[in-house]
Amino acid sequence: MEFDVAMTDELLATTRAVRKRLDLQRAVPREVIDECLELAVQAPTGSNSQGWRWLVVDDAGKREALAELYRKGAEGYLSTAAGQAPKGQTKRVFESALYLMEHLHEVPVHVIPCVAGRPGEGASIVEVGSLFGSIFPAVWSFQLALRARGLGSALTTLHLLHEREAAALLGIPDNVLQVALLPVAYTLGTDFKRASRPPVAKITHWNQW
């Protein structure tokens, strides 16, 4: 089988963190989320542990409660950062993050990727790296699958400042670690572009730093 390399490259290069262009009015069918998760769990995991777990929240009351936890963690940080950010792309990113904070409860689906297990106190970098390395490839696959179907998302982590409260709200067991919260919705338009990035030659080292 030959892949359409140009289309694959376009998918990889234009899957953006979407905040202001999430369609807050359009419902997201559960079967679309299921399709994307079926693809996500094809991602590799450390030692083939397959420890990914997913919590999908489309209940309005629980989305409201999650959004409040997110605001508790985000408001001071984002407001300060947006005010101090230099003009240009970085400032726009913080402004869009503030927009998401104010409208998170309106986003039709919240997806919380989790991983079975929790690093113990004093866990080694190998243990921590293995745990997170077993979930984030699947998260990115999920986001790519969404993009291919006309939906967008943004990987957020600020609700984790109140992770235990979120766990109590959603009945997440103590031995399951939340790693992010992804607001998911159809996008307003699909014409996303490549972001401005430094030349790879300036940030890549071969054989020695």
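Since every read-out is calculated from the coordinates, none of them should be taken as a lab result. These numbers come from a predicted model, not from an experiment. Note that we place each Cβ from the backbone using ideal geometry, even for glycine, and neighbour counts take in every protein chain shown.
Over the stretch 1-137, the pair-distance histogram of Cα-Cα distances with 5 Å bins from zero comes to 2, 8, 12, 14, 16, 19, 17, 9, 3, 0, 0 percent, rounded to whole numbers.
Note on H162, H110, H103: ascending count of other Cβ atoms within 10 Å places them as H103, H162, H110, the fewest first. For the stretch 18-189, the share of DSSP beta bridges that are antiparallel, to the nearest 5, is 95%. Using a Gaussian network model of the chain in which every pair of alpha carbons under 10 angstrom is joined by a spring, one finds that among R16, R30, R149 the greatest mean-square fluctuation is at R30.
Label separation (W206 vs A60): 5.8 nm, computed from points 7 Å beyond Cα along the C-beta direction.
Apply the a/c threshold of 1.5 to the C-alpha gyration tensor of the stretch 122-181 and tell me whether it is rounded, prolate or oblate. Verdict is oblate for the stretch 122-181. The convex hull drawn around the Cα atoms of the stretch 96-209, when projected onto a plane and averaged over every direction, covers 10.2 nm².
The dipole here belongs to the stretch 90-209: it is taken about the Cα centre, uses +1 on the Cβ of Lys and Arg and -1 on the Cβ of Asp and Glu, and is about 680 debye. Loop-located GluC sites (Glu not before Pro) in the stretch 1-98 (DSSP state other than H, G, I, E, B) with a sparse environment of at most 13 neighbouring Cβ atoms within 10 Å: E2. Distance check, please: which entries in K20/K72; K20/K62; K91/K202; K20/K202; K62/K193 exceed 26 angstrom between their Cα atoms? The pairs that break the limit, which is 26 Å between Cα atoms, are K20/K202; K62/K193.
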